[in-house]
Amino acid sequence: MTLVFATNNLNKLAEVQKMLPDTIELLSLKDIGCFDDIAETANTLEGNAKIKANYITEKFGYDCFADDTGLEVDALDGAPGVYSARYAGEPSNAENNITKLLTALNNKADRKAQFRTSICLNLQGKQFLFDGICKGTILEKKTGKKGFGYDPIFKADGQVLSFAEMTTQDKNNISHRGLAIQELVTFLTSVPN
């Protein structure tokens, strides 16, 4: 089975490739010659995932999946949420996003948060949705050098390390994206080729 993962984020692509069985050939947007900037204009994670997956299926004709992920912080009423990637403005910059978030949480006791990933799969003319949630805490300062995005300031419940201190495999086992991808993989392995 050949699937396009509608992302330009090479870190996400590498994470997902490690989780898929060998029977699934994963293509990136670059692999199919898509260099378009697909506008994520929905006000939900699911909506943005659908926009990206539908764009690739309609314009390029591939079975495709796309995801959108948000960090939802309790003390900020769920912000940055769907705006996580561009929380500090355009262009997207992880360091600026982290700085803005830590500033917003300054002197706040409640640091509970969750990462949530929504995946939209367009397969054989049908659409399927998958979700993954990882609950945790926002740390007071960055810890670790691995990962990307908000990983250096997020510690999942029950863990002693931030996402940025974990191996990719350990992170994938518990992360929001990992859980959503596991649901996707379970579904794909049950689909006849």
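For the chain, relative contact order (Cα pairs under 8 Å, six or more residues apart, normalised by length) works out to 18 percent.
Rounded to the nearest 500, the 222 nm mean residue ellipticity of the chain from helices alone is -9500 deg cm²/dmol, with -39,500 (n - 2.57) taken per DSSP H run of at least 4 residues.
These residues, Asp31, Asp77, go from largest to smallest accessible area, 1.4 Å probe, as Asp77, Asp31.
The order of Ile32, Ile153 by accessible area, most exposed first and with a 1.4 Å probe, is Ile32, Ile153.
Evaluated with a Cβ-only charge set (Lys, Arg +1; Asp, Glu -1), segment 8-143 carries a dipole of roughly 400 debye about its Cα centre, given to the nearest 20.
Relative to the longest principal Cα axis of the chain, at what angle does helix 10-19 sit, 0 to 90 degrees, rounded to 10? The answer is roughly 70 degrees. What does the C-alpha gyration tensor say about the overall shape of segment 1-73? Classify as rounded when a/c is under 1.5, otherwise prolate if a/b is larger than b/c, or oblate. Oblate is the answer for segment 1-73, as a/c is 1.5 or above yet b/c matches or exceeds a/b. For segment 1-111, with all protein chains in place and a probe radius of 1.4 Å, 46% of the accessible heavy-atom surface sits on carbon or sulfur.
Computed on segment 140-179, with alpha-carbon pairs under 8 angstrom and 6+ residues apart, the relative contact order is 32 percent. For segment 73-170, the square roots a ≥ b ≥ c of the C-alpha gyration tensor eigenvalues yield an a/c of 1.5 or more together with a/b exceeding b/c, which makes the shape prolate.
The radius of gyration of the Cα set in segment 122-193, together with its Dmax, comes out at 14.9, 48 angstrom.
Averaging 1/r over every pair of different alpha carbons in the chain and inverting the result gives a Kirkwood radius of 17.1 Å. Each label was represented as a point 7 Å from its Cα along the Cα-to-Cβ direction; for Phe60 and Lys112 these points are 4.0 nm apart. Using the Cα gyration tensor of segment 64-111, with a ≥ b ≥ c the square roots of its eigenvalues, what is the shape: rounded (a/c below 1.5), prolate (a/b larger than b/c) or oblate (neither)? Oblate, since a/c reaches 1.5 and b/c is not below a/b. Take the Cα of Glu25, go 7 Å toward its beta carbon, and the backbone nitrogen atoms of segment 160-193 under 17 Å from that spot belong to 193. Using the 1.4 Å probe convention, the accessible area of the chain works out to 51 Å² per residue with neighbouring protein chains retained. Between Phe65, Thr41, Ala156, the Cα set farthest toward the positive side of the dipole of the chain (charges on each charged residue's Cβ, about the Cα centre) is that of Ala156. Taking every DSSP beta bridge that has both ends in the chain, the antiparallel portion is near 85%. The trypsin sites (Lys or Arg not before Pro) found in segment 41-109 that occupy coil by DSSP, while having at most 12 further C-beta atoms within 10 Å, are Lys108.
The values are calculated or read from the model by the stated rules, or taken from the named source; none is laboratory data. Predicted model, so just to flag it, every value in this text is computed and none were measured. Glycine gets a Cβ as well: all are built from the backbone with ideal geometry, and neighbour counts include every protein chain shown. All accessible areas refer to the heavy atoms of the entire protein, side chains included, with ligands and DNA or RNA removed. Shrake-Rupley method; radii C 1.70, N 1.55, O 1.52, S 1.80 Å.
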